[in-house]
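These notes concern the structure reproduced below.
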Amino acid sequence: MILVKDNRCDFCGTCVAVCPVDAIELREADISIIHDTCIDCDICIWVCPIDVLSSDEKKEEVKHD
Amino acid sequence: MTDFDVIVVGGGPAGSMAAEAAAKGGAKTLLLEKDRDIGYPVRCGEGVGASGLKQFIEPDPQWIAATISKVRMRSPDNTKVDFGMKDAGYVLHRRLFDYALANRAGRAGAEIQTRAYVDGLMVEDDVVKGVKYQYMGENRELSAKIVIAADGVESRVGRMAGMRTATKLRDMDSGYQATVGNVDIDQELIDFFIGSNWAPGGYLWIFPKGNGMANIGLGVNGKVAKDFSAHDLTHKFLKDHFPKASILTSVCGGIPIAKTLKTITKEGIMLTGDAARMVNPVTGGGIITGMVGGRIAGEVAAAALQTGDLTSKGFKDYPARWQKAEGKTHDGLHRVADAIFEITDEKLNKMAHRLAKIPPDELSLMKIFTAVARQKPSILIDVTRAFAGV
């Protein structure tokens, strides 16, 4: 699942532009991930210029370890 | 009867040019801007070429931050390649520049509304019939014969119309820029840093902004953005090279370096500017090209209203004229961008050592691109095409 770090997004829309399934809603100063649509490809995480997005999968991996 | 003939979504340079051209062509036109301000926030390096700018507007000292007469390119090992370019270009105050263009659209008869966030389209039988938007928490609808989407890199309006705007990672640079003060730089020089140590897959820029200020930023190509942060690289550069710089503004943003979208029109709608991916794929510059696209879109919209054919067939002059004006060149430059990305830092250094021996006034951008092309002969033909405009 893609997570947005609170209060750090600059709302530039770079993630919206690369999302292959249109799973990111950006309106004015509000961003949200549509989790039902999201395919967890993670490219929004990579392309974000200020690293505001993250995946919760890393946490799960840590748990398994 | 519709509320408007043309509704333009987005008040950047492309949107304002589209609105002005449509209104001048006799269309009842409305321009909607989502933010409270036209021209702000500025997600842009703000550099433009002089000849490109002057085809649209006379440079006005109010929005010219710096006049450029020198260009410098640096290789990964910081070898400087200088070339002189009289009347090369300008660094703008986009906030005021965008105001001037919107003001001109207004004077041509277009209505303008800020704080208008378009969150849906009115669609009947797959034909766009207007926009749904929020204004101060209130939901509104306005019908229009033609919607022109100039809503920037994120271009959700195109997607709402069912058009494919999603950009491949390779075709997107992840960008970050600080506008800084207290830096001792040549205010007539734009400075490009090329190499993976500066900005992997993209480049770093220093554009002067007058009074000891500058835009310092960079773009990291999407393909390698997983391993690099545009924010972190910019701040590292500032710390290493301008430790005393005061950061006055910082912004981030995506720079689409794709070819223009294959389809930029559909029944009742046209896309333009960054939304249509009209940015130069090598430089990432999109101000002038967006204005070119926006003006054509507005003119074609006004003409289509006269004929009454509001299908993509009725809009066919728009992609045709765009392709002739810039699109063809961009297709070639897209291949050049691919080639530049493949050149190793070591080769870039070698090229720079060779080019640095040529006196600045004998060096042209063409020579530099030719040197790049030599690394991969097959793209030489694309470079020649791009610069000859054939």
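Just to verify a number: FRET efficiency for residue B:80 and residue A:27, C-beta to C-beta distance, R0 = 45 Å, to 0.05?
Efficiency, from the Cβ-Cβ distance: 0.50.
Cβ neighbours within 10 Å, averaged per peptide: list A:26-34, B:173-181, B:155-163 in order, most packed at the top. Write out the running numbers ahead of the final one.
Details: A:26-34: 13.6, B:173-181: 24.9, B:155-163: 22.3.
Descending packing order for the listed peptides: B:173-181, B:155-163, A:26-34.
What whole-number distance in Å separates the alpha-carbon centres of the range B:86-149 and the range B:14-40?
Taking the Cα centre of the range B:14-40 as reference, the centre of the range B:86-149 is 5 Å away.
Would you kindly work out the equivalent ellipsoid of chain B from its C-alpha gyration tensor and give its semi-axes, the square roots of five times the eigenvalues, largest first in whole Å?
Over the Cα atoms of chain B, the ellipsoid semi-axes are 37, 22, 19 Å.
Once ligands and nucleic acids are excluded and a 1.4 Å probe is used, how much of residue B:246 is accessible, expressed in Å² to the nearest 10?
Around 50 Å² of this residue is reachable by solvent.
Counting only residues 5 or more places away or on other chains, whose amide H sits under 5 Å from the amide H of residue B:343 once H atoms are built in the peptide plane?
none
Name the most mobile residue of B:248, B:348, B:261, meaning the one with the largest mean-square fluctuation, in a Gaussian network model of chain B with Cα contacts below 10 Å.
Checking each option, the largest mean-square fluctuation is seen for B:248.
What fraction, in whole percent, of alpha-carbon pairs in the protein assembly as shown exceed 27 Å separation?
It works out to 53 percent of all Cα pairs.
I'd like the Kirkwood hydrodynamic radius of the range A:2-64, using the inverse of the mean 1/r over distinct C-alpha pairs, in Å.
Computed over Cα pairs of the range A:2-64, the Kirkwood hydrodynamic radius comes out at 12.1 Å.
Counting only other chains, what is the mean number of Cβ atoms within 10 angstrom of the Cβ of each residue in peptide B:159-169?
Per residue, the average neighbour count from other chains is 3.
How shielded is B:180-188 by partner chains, expressed as the average number of their Cβ atoms within 10 Å of its Cβ atoms?
Taking the mean over all residues of the peptide, I get 0.
Using mean Cβ contacts within 10 Å as the protection proxy, how do B:234-243, B:193-202 order, highest first?
B:193-202, B:234-243
Magnitude of the Cβ-charge dipole of the range B:106-253, K/R +1 and D/E -1, about the Cα centre, nearest 20 debye?
Working: 17 positive and 18 negative charges, 39 e Å.
It works out to roughly 180 debye.
What nm distance separates the two modelled labels at residue A:6 and residue B:140, each placed 7 Å from Cα along Cα→Cβ?
3.4 nm
Counting only protein heavy atoms and rolling a 1.4 Å probe, how much accessible area do B and A lose on contact, total for both sides, in Å² to 100? Don't skip to the answer; put the middle values down first.
Details: alone 17840 and 4750 Å², together 20430 Å².
Between B and A, the summed buried area is about 2200 Å².
Could you sort the peptides B:99-110, B:270-281, B:121-132 by per-residue average Cβ neighbour count (10 Å cutoff), highest mean leading?
Result, highest mean first: B:270-281, B:99-110, B:121-132.
Could you tell me which residue out of B:268, B:281, B:304 lies farthest along the dipole of the range B:248-305 toward its positive end? Charges go on the beta carbon: Lys and Arg +1, Asp and Glu -1, centred on the Cα centre.
B:281
Would you mind working out the magnitude of the charge dipole of the protein assembly as shown relative to its Cα centre, with +1 at each Lys and Arg C-beta and -1 at each Asp and Glu C-beta, to the nearest 20 Debye?
With only Lys, Arg, Asp and Glu charged at Cβ, the dipole is about 1360 debye.
Which percent of the accessible area of the protein assembly as shown is formed by carbon and sulfur heavy atoms (probe 1.4 angstrom)? Write out the running numbers ahead of the final one.
Numbers: 10220 of 20430 Å².
Here carbon and sulfur together make up 50 percent of the probe-accessible area.
Starting from the eigenvalues of the Cα gyration tensor, five times each then square-rooted, give me the equivalent ellipsoid semi-axes of the range B:19-108, largest first, whole Å.
Each semi-axis is √(5λ); the values are 32, 16, 11 Å.
Could you compute the FRET efficiency for residue B:127 and residue B:367, with r as their C-beta to C-beta distance and R0 at 51 Å, rounded to 0.05?
0.50
Across peptide B:220-227, what mean number of C-beta atoms from other chains lies inside 10 Å of a residue's C-beta?
Per residue, the number of nearby Cβ atoms from other chains is 3 on average.
Could you report the accessible area of residue A:57 in Å², rounded to 10, computed with a 1.4 Å probe on the protein chains as they sit in the structure?
Approximately 80 Å² of residue A:57 is accessible to the 1.4 Å probe.
Do any of B:70/B:262; B:24/B:209; B:223/B:259; B:86/B:209; B:80/B:328 go past 27 Å between their Cα atoms, and which?
Too far apart for the 27 Å limit: B:70/B:262; B:24/B:209; B:80/B:328.
Could you sort B:133, B:40, B:203 by their accessible area in this structure, using a 1.4 Å probe and putting the largest first?
Most to least solvent-accessible, the answer reads B:40, B:203, B:133.
Where only protein heavy atoms count, and the probe is 1.4 Å, what is the accessible area per residue for chain B in Å²?
Result: 43 Å² per residue.
The values are calculated or read from the model by the stated rules, or taken from the named source; none is laboratory data. Everything numeric in this text was worked out from a predicted model, so none of it was measured. No Cβ is skipped: glycine too gets one built from the backbone with ideal geometry, and neighbour counts run over all protein chains shown. The protein model used for the area step is the full one, side chains on, heavy atoms only, and it has no ligands, DNA or RNA in it. Shrake-Rupley method; radii C 1.70, N 1.55, O 1.52, S 1.80 Å.
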